[in-house]
Amino acid sequence: MTTTLENARQTILSRISTAERTAGRSAGAVSLLAVSKTFPASAVRELYLAGQYAFGENYVQELVAKSDALADLPGLIWHFIGPLQSNKTRAVAERAHWVHSIDRLKIAERLSSQRPTHLPSLNVCLQVNVSGEASKSGCQPEDAVSLAAEIAELPRLTLRGLMCIPEPTDDLQRLRQQFISLRQLFEQLQKAGYPLDTLSMGMSADLELAIAEGATLVRVGTAIFGARSQHP
Ligand SMILES: *Cc1c(COP(=O)(O)O)cnc(C)c1O
């Protein structure tokens, strides 16, 4: 019997394959990160049993609680995608497999030094503020190259790519331009010799546009789990 969550995931997987085809990209070029923030461990378990292994969390407390509750599931991969304060890095270094929201060196240094030696190095993406809004997190595009160089030197991190959260807008051209900016920066870093393979962009509402502009991973919450109530 398929469940509502499983059906919603299948619908997203179809949207992803259609978008890959439409964009002339190879099948399987884009992976799905299921963003489970605010939803219970039981929902994550249900999707895991349906074959979804990668989950995204925004809040450290939730990452801790759910990774504990689901420690019995082999191959479950946790991506931390939310803003990260320096006093909370240890729990993330100990539990996450990926962090997408690195926007300053201090956080990267702490994650590297706190990553337990029995675990493989932590995969990280640099979050870039491509919208130019002052309030947004992410490093400035002009600082991304030097920050990438510093992060690539850290022993317990592996720099995998770039992430952005575009400014919410109904203006598709404006949205597309933000995805293009991130992709151009990604290609610039690849040309400079960084072996990057992850372009983390696109969410429930705009994953087709992000895939058309080169996303390799889309982060989807609402379209799988439903609307979120306010975080407590
Ligand atoms: C919540 C969140 C998402 C998922 O957004 P939806 O619109 O619910 O798909 C993706 N990325 C980040 C960084 C988020 O915080």
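The values are calculated or read from the model by the stated rules, or taken from the named source; none is laboratory data. Since the model is a prediction, treat every value here as computed from it, not as a measurement. Reconstructed Cβ throughout: ideal geometry from the backbone, glycine too, with neighbour counts over all protein chains shown. Side chains included, ligands, DNA and RNA excluded: accessible areas come from the protein's heavy atoms. Shrake-Rupley method; radii C 1.70, N 1.55, O 1.52, S 1.80 Å.
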Run the 1.4 Å probe and let me know the accessible area of residue 59, rounded to the nearest 10 Å². 80 Å²
To the nearest 10 square angstrom, what accessible area does residue 64 show with a 1.4 Å probe? 40 Å²
Within the chain, how many Lys pairs sit with Cα atoms under 19 Å apart, leaving out pairs fewer than 8 places apart on the same chain? 5
Quick one: Karplus J couplings for the range 137-143, per residue in order, coefficients 6.51, -1.76, 1.60, θ = phi - 60°, nearest Hz, x for Gly and Pro? 7, x, 6, 6, x, 6, 9
Using 1/(1 + (r/R0)^6) with R0 = 35 angstrom and r between the beta carbons of residue 65 and residue 134, what's the FRET efficiency to the nearest 0.05? 0.60
Rounded to the nearest 0.05, what FRET efficiency do residue 87 and residue 204 give with R0 = 25 Å and r taken as the Cβ-Cβ distance? Could you check? 0.20
Would you kindly compute the Cα radius of gyration of the range 22-156 and its largest Cα-Cα separation (Dmax), both in Å? 15.7, 44
Label-point separation (nm) for residue 180 and residue 153, each offset 7 Å from Cα along Cα-to-Cβ? 3.5 nm
Given a cut-off of under 8 Å on Cα pairs at least six residues apart, what relative contact order in percent is computed for the chain? 20 percent
Using a probe of 1.4 angstrom, how much of the accessible area of the chain is carbon and sulfur, in percent? 52 percent
Which value, in debye to the nearest 20, gives the size of the charge dipole of the range 19-115 about its Cα centre, when Lys and Arg are +1 and Asp and Glu are -1 at the Cβ? 280 debye
Leaving ligands, DNA and RNA out of it, work out the accessible area of residue 39 with a 1.4 Å probe and give it in Å² to the nearest 10. 40 Å²
In whole Hz and in residue order, list the ³J(HN,Hα) couplings for the range 124-136 that follow from phi through the Karplus curve 6.51 cos²θ - 1.76 cosθ + 1.60, θ = phi - 60°; x for Gly and Pro. 10, 10, 8, 8, 10, 7, 8, 8, x, 5, 5, 7, 6
DSSP-assigned coil residues among GluC sites (Glu not before Pro) in the range 126-232, each with at most 14 further Cβ atoms within 10 Å: 133, 153
Tell me the label-point distance for the pair residue 77, residue 14, using the 7 Å Cα-to-Cβ offset, in nm and rounded to one decimal. 2.5 nm
On the first, second and third principal axes, largest extent first, how far apart are the outermost C-alpha atoms of the range 96-228 in Å? 44, 34, 26
Result for the chain: accessible area per residue, probe 1.4 angstrom, in square angstrom, of 47 Å²
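When the dipole is taken about the Cα centre of the chain, and only Lys, Arg (+1) and Asp, Glu (-1) are charged at their Cβ, what size is it in debye, to the nearest 20?
For this selection, approximately 300 debye.
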